[in-house]
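First up is the structure itself, then whatever we jot down about it.
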Amino acid sequence: MHLPIFPPTTFTLPLLLLFLPLTTLAMSIRSAAQEVNPGYDVQKVKSKMLTLATHSWEYGTAAQALLELDNPELSVFGTSPFPIPGNPSGSALEYAKQHIALTGDTLINGDGAVGDPASLGIPALLLGKTDQRYRDAAERQTLHIFQAPKWPNGAISHRESIAELWFLPSSSPPPPSPQ
């Protein structure tokens, strides 16, 4: 089954024109950020991140950080991230390969969390440009998310076993519990 993860009708010219100024701003910010000394050794932080990651969402977050740090041309912060290049490669994708399961419903065991394994989705899609197994795994992950428990309003549960939403406390009351 082929699931259209990025249907061609998703992006229309008016929508692209709306986001063009934001994209230009993001590229300007990124260029300026590259010239800033953060005051710490980025390579040490990167090494510590890779050492400490132990959960599915941490692997996905680390892969995204590597993508932005080591392969910005493949990240959404690159100068021309779309379309995805025909043969993407780099440290982020090599790292992600170690953690992506090519069989099963999810990209990695999420320990009961619906969305955590999907944190490896971008690397899986990038790898899927040259290896169909990763594309297939990303599609299975997408289907898995849509099969998760939902609230009456359609919100997807954070947990696989029950309809559970996570929210940050604020002045508004929590959502009503599902019936």
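The values are calculated or read from the model by the stated rules, or taken from the named source; none is laboratory data. Because the structure is predicted, anything quoted here is derived from the model rather than measured. Using ideal geometry, Cβ is built from the backbone for each residue, glycine included, and neighbour counts are taken over all protein chains shown.
So for the stretch 127-134 (the condition being within 16 Å of the chain's Cα centre (by Cα), aromatic (F, W, Y), more than 21 Å from L52 (Cβ to Cβ) and in a loop (DSSP other than H, G, I, E, B)), does at least one residue qualify?
no
If we scan the stretch 124-144, do we find a residue that is more than 30 Å from P72 (Cβ to Cβ), at pLDDT 95 or above and surrounded by 10 or more Cβ atoms within 10 Å (Cβ to Cβ)?
Scanning the stretch 124-144 turns up at least one residue that is more than 30 Å from P72 (Cβ to Cβ), at pLDDT 95 or above and surrounded by 10 or more Cβ atoms within 10 Å (Cβ to Cβ).
What pairs come out if I take residues in the stretch 147-167 that are at pLDDT 90 or above and pair them with residues that are basic (K, R) whose C-beta lies under 6 Å away, six or more apart or interchain?
Between residues of the stretch 147-167 that are at pLDDT 90 or above and residues that are basic (K, R), the close pairs are I156/K150.
Tell me, please, whether a residue that is among the aromatic types (F, W, Y) and under 14 Å from the mean Cα position of the chain (by Cα) can be found in the stretch 78-92. Spell out how you get there, then give the answer.
We begin by selecting, within the stretch 78-92, every residue among the aromatic types (F, W, Y); these are 82.
After this cut, where a residue has to be under 14 Å from the mean Cα position of the chain (by Cα) as well, the list is none.
For the stretch 78-92, residues among the aromatic types (F, W, Y) and under 14 Å from the mean Cα position of the chain (by Cα): absent.
Quick test for you: out of L120, L102, pick the one residue that is touching an Asp or Glu at 6+ places or on another chain (Cβ under 9 Å) and either in a loop (DSSP other than H, G, I, E, B) or in contact (Cβ under 8 Å) with a residue 60 or more places away in the chain (or both).
The conditions single out L102.
For residues in the stretch 86-123 being surrounded by fewer than 16 Cβ atoms within 10 Å (Cβ to Cβ) and over 20 Å from Q147 (Cα atoms), which is modelled with the lowest pLDDT?
Only one residue fits best here, namely G86.
Consider only pairs whose beta carbons are under 7 Å apart and that are at least six residues apart or on different chains; among these, list those whose first residue lies in the stretch 58-72 and is under 12 Å from K46 (Cα atoms) and in contact (Cβ under 8 Å) with a residue 60 or more places away in the chain and whose second residue is small (G, A, S) and in a helix (DSSP H, G or I).
Filtered contacts from the stretch 58-72: A63/A92; A63/A96.
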